[in-house]
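> This is the structure, below, for whatever I ask next.
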Amino acid sequence: MEVSKRIKRLTESPIRKLIPVSDQVKKQGVHVYHLNIGQPDIQTPQAFYQAIGDFNQPVLAYANSRGILPLREAYKAYYKRAGLSFSTEELLVTNGGSEALLFALMTICDPGDQVLVPEPFYTNYNAFALAGDIEIVPIPTNRDTGFSLPSKESIEALITPKTRAILVSNPGNPTGKVLDADEMKLLKNMVIDHELFLIADEVYREFVYGGAWRSFAEFTELSENLIVVDSVSKRYSACGARIGVLASKNALFIKETLKLCQGRLCVPTLEQIGSVELLRDTDTTLPPMIEEYQLRRDVMTDMLKKIPGVKYHCPEGAFYMIIELPVADAEDFVRWMLGEFQDQGETVMVSPAKDFYKTPGRGISEVRISYVLKKEDLIRAMEILKLALDAYQAK
Ligand SMILES: Cc1ncc(COP(=O)(O)O)c(C=O)c1O
């Protein structure tokens, strides 16, 4: 029996593919600091569990395919507090931002179509695109220029008759890049001029350090072009809830995407009920969380400074860094550090960065680090990384 050529083109996620190795060393009693995945250690607000605990219906029924109305109303209110305007009809609740991304691509692209994405990019963009025979066309960005967008002309040169959209994560995973006002305006004007969609992945919207955050939804002139991808995962430290949303003023996009929502019936009912409570409160939960991540970001840059040969750019948002290590093949190093190196019974897991790039040859010496652990753990993890690099180079 054969499987499809399409599925064979997909590769395993670099964020998760080394989990069997970490499971193995954990079985031997080794403690692993997980900096490979964007799984925060911050407590999920109690209100989420309370709402689920209070559920007292005799039947756990299917929910509306668009998402339960109280959740869409809670999202509408959250956006309003943020100065953004979406009606409940302009929202579709999804299984996390992940399903929102997949559905957005399926709705707007035919097989063979192209989507421009600043590179390096969240690796699953490529997985979702490949699942629909869609081609990601990278817009190269570099650490030396702070992952800023290249010139308008060089981006426009990538647009072809097959280009359907620009997809951007802002703040960026894996770079921590926050687009400045000029870059946002550039993308806004480009999608309007070239009649493209703009898929704005804003799951880290408020995670901006030392500046105000901005949303593409502030540009009212974008209305037809804009698809916002959102999620409770990071904002409320509720990754396992699997609740996300698609927000768009493009009525045709919502109408057509609803077919996919209907096909998968609904998003889990209890998690939707719990998420209503999460969305009620951003004023008390978010500021301390952002402060904590800024502190962690500062700890990371302080520690990385002390490791010879490591190159990084100080991230402005989200909770990721893409760093160059003084090794020829970062994947080999990561595998070795996890499986064979330990210091006092402890080691570190990070993600090899090659698959965050589409351009051949890029990212080979790089890893992505998620600074999702508390300060003490980050300090210890960076000490281990330094020791591991010394030992690897001495091999
Ligand atoms: C940029 C970006 N978009 C979307 C997602 C999907 O998150 P979820 O499906 O948990 O909402 C992630 C998860 O790490 C992400 O980093």
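> Counting each DSSP H run of 4 or more residues in the chain as -39500 (n - 2.57), what helix-only mean residue ellipticity at 222 nm follows after dividing by all residues, to the nearest 500 deg cm²/dmol?
So the calculated ellipticity at 222 nm is -11500 deg cm²/dmol.
> Next up: By per-residue mean of other Cβ atoms within 10 Å, what is the highest-first order of 267-274, 322-329, 148-155?
Result, highest mean first: 267-274, 322-329, 148-155.
> Summarise the long-distance tail of P(r) for the chain by giving the % of C-alpha pairs beyond 34 Å.
29
> Suppose the chain between D281 and N189 were pulled fully straight at 0.36 nm per residue; how much longer would it get relative to their current alpha carbon spacing?
Contour length minus the Cα-Cα distance gives 29.8 nm.
> Please give the FRET efficiency for Q43 paired with A77, using the beta carbon to beta carbon distance and R0 = 30 Å, rounded to the nearest 0.05.
It comes to 0.80.
> Any chance you could list P(r) for the range 210-263, counting all Cα-Cα pairs in 5 angstrom bins from zero, rounded to whole %?
4, 16, 19, 20, 19, 16, 4, 2, 0
> Here's a follow-up. What residues from the range 226-254 fall in the zone where the backbone N is under 12 Å from a label point 7 Å along the Cα-to-C-beta line of Q262?
none
> Going out from 0 in 10 Å bins, what whole percent of all Cα-Cα distances in the range 170-327 drops into each bin?
P(r) over the range 170-327, rounded to whole percents: 9, 31, 32, 21, 6, 0.
> Moving on to the next point. How large is the Kirkwood hydrodynamic radius of the range 265-395, in angstrom, based on all distinct alpha carbon pairs?
Taking the inverse mean of 1/r over all distinct Cα pairs, the range 265-395 comes out at 16.7 Å.
> Can you give me the distance in nm between label points at A328 and Q344, each placed 7 Å from the Cα along the Cα-to-Cβ direction?
Calculated label separation equals 3.4 nm.
> At R0 = 25 Å, how high is the FRET efficiency between E291 and R16 if r is their beta carbon distance? Nearest 0.05 is fine.
That pair, E291 with R16, gives E of 0.30.
> Moving to a separate point now. Taking the convex hull of the Cα atoms, report for the range 24-176 its projected area averaged over all directions, in nm².
Computing the convex hull of the Cα atoms and averaging its projections yields 14.6 nm².
> A further question on this structure: Longer than 20 Å from Cα to Cα, which of K162/K185; K8/K234; K177/K234; K305/K386; K152/K185; K177/K354 are they? Say none if no pair is.
K162/K185; K8/K234
> Taking every pair of alpha-carbon atoms in the range 314-386, give the share separated by more than 20 Å as a whole percent.
On the way: 809 of 2628 pairs.
When every Cα pair of the range 314-386 is considered, 31 percent fall beyond 20 Å.
> What full-extension length gain, to one decimal in nm, is calculated for D302 and V30 as 0.36 nm per residue of separation minus the Cα-Cα distance?
Working: separation 272, 0.36 × 272 = 97.92 nm, distance 2.61 nm.
Value of the extension gain: 95.3 nm.
> Rank by packing, highest mean first: peptides 299-306, 34-41, with packing defined as the count of other Cβ atoms within 10 Å averaged across residues.
Top to bottom by mean Cβ count within 10 Å: 34-41, 299-306.
> Okay, next question. Average the reciprocal distances over every distinct pair of alpha-carbons in the range 46-280, invert the result, and give the Kirkwood radius in Å. Before the final figure, lay out the partial values.
On the way: mean 1/r = 0.0552 Å⁻¹.
Its Kirkwood hydrodynamic radius stands at 18.1 Å.
> Using every Cα-Cα pair within the range 123-239, state what percent have a distance larger than 22 Å.
34
> In nm, give the distance between the simple-model label positions of D23 and Y62, each being 7 Å from the Cα along the Cα-to-Cβ direction.
The modelled label-to-label distance comes out at 3.3 nm.
Just so you know, all these numbers are worked out from the coordinates, no wet-lab data involved. Just so we're clear, the structure is a prediction, and the values are computed from it rather than from any experiment. As a convention, Cβ positions derive from the backbone with ideal geometry for all residues, glycine included, and neighbour counts pool all protein chains shown.
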